[in-house]
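To start, the structure under review is shown below, and the notes come after it.
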Amino acid sequence: MVRSFLSFHVKAPLEEVAAWAGGHTQGAGVYLVPDPPWVSLYHEALEAEEDPKAIRAFLKALSRLGPALAFMVLNEEDLLFLQAEGGEVVAELRRGPELGEALLAPEALLPLLAEAKRMPPMGAVQALAAHFGLHPDHALLGFLDLLEAEEEEGLPEEVVYLE
């Protein structure tokens, strides 16, 4: 099975993220998974849309709570990584036939993104997540992965679902 997924991550308290995300569900489901100091968000509508502009806008707004990251992999061959702070995107790695090519980063992050650009998308997500101290498994999940896990074996108590 070829996988596609989208995950967002913000360094902020779960309560603040839940309050903010409740107003940004777009009428769809959103899972919040705490992994202090990070909270991971999995957004059903944005994952289904696969729209880089909508993802960028959501991440910019989310980053007003704290430093934020987004990872999107499409069909295991396209990769989008975004980092935002204070409402602005500060780093971007985009590559693949569907997403095109882009590499933007502060000088200190440029070598890491250049290395990630040469890796398969799943490996790049793991490497970038590790660099930021984010649990790699959280970066490699999407809304549909969590929905499937909830249906099959249930989710841990600390996972919050908003609709």
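The values are calculated or read from the model by the stated rules, or taken from the named source; none is laboratory data. Keep in mind it's a predicted model, so treat the numbers as computed, not measured. Here the Cβ is made from the backbone with ideal geometry for all residues, glycine too, and neighbour counts use every protein chain on show. Heavy atoms of the whole protein, side chains included, go into the accessibility calculation; ligands, DNA and RNA do not. Shrake-Rupley method; radii C 1.70, N 1.55, O 1.52, S 1.80 Å.
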Checklist entry - In the stretch 66-89, how many are among the aliphatic types (A, V, I, L, M) and closer than 11 Å to Phe8 by Cβ? => result 6
Checklist entry - Scanning for something among the hydrophobic types (A, V, I, L, M, F, W, C) and touching an Asp or Glu at 6+ places or on another chain (Cβ under 8 Å), does the stretch 82-96 turn up at least one residue? => result yes
Checklist entry - Between a first residue in the stretch 1-30 that is in a helix (DSSP H, G or I) and of a type in the set (D, E, K, R) and a second residue that is open to solvent by less than 60 Å² (accessible area, probe 1.4 Å) and at pLDDT 95 or above, which pairs have beta carbons less than 6 Å apart while being 6 or more apart in sequence or on different chains? => result Glu16/Leu65
Checklist entry - Across the stretch 32-50, which residue is nearest to Ala12 (Cα to Cα) among those that are open to solvent by 60 Å² or more (accessible area, probe 1.4 Å) and not small (Gly, Ala, Ser)? => result Pro37
Next on the checklist: Looking at Gly96 and the list (1) crowded, with 16+ Cβ neighbours inside 10 Å; (2) within 17 Å of the chain's Cα centre (by Cα), which single condition is not satisfied?
Outcome noted: (2)
Checklist entry - Within the stretch 115-162, how many residues are open to solvent by 80 Å² or more (accessible area, probe 1.4 Å) and either at pLDDT below 90 or under 20 Å from Leu82 (Cβ atoms) (or both)? => result 8
Checklist outcome for this item: Flagged in the stretch 117-146 as under 16 Å from the mean Cα position of the chain (by Cα), assigned to a helix (DSSP H, G or I) and touching a residue at least 24 places away in the same chain (Cβ under 8 Å), in numbering order, are Pro121, Met122, Ala124, Val125, Leu128, Ala129, His138, Ala139, Phe143, Leu144, Asp145, Leu146
Next on the checklist: Restricting to the stretch 59-76, give me the number of residues that are in contact with an Asp or Glu (Cβ under 9 Å, 6 or more places away or on another chain) and buried (at least 24 other Cβ atoms within 10 Å of the Cβ).
Outcome noted: 3
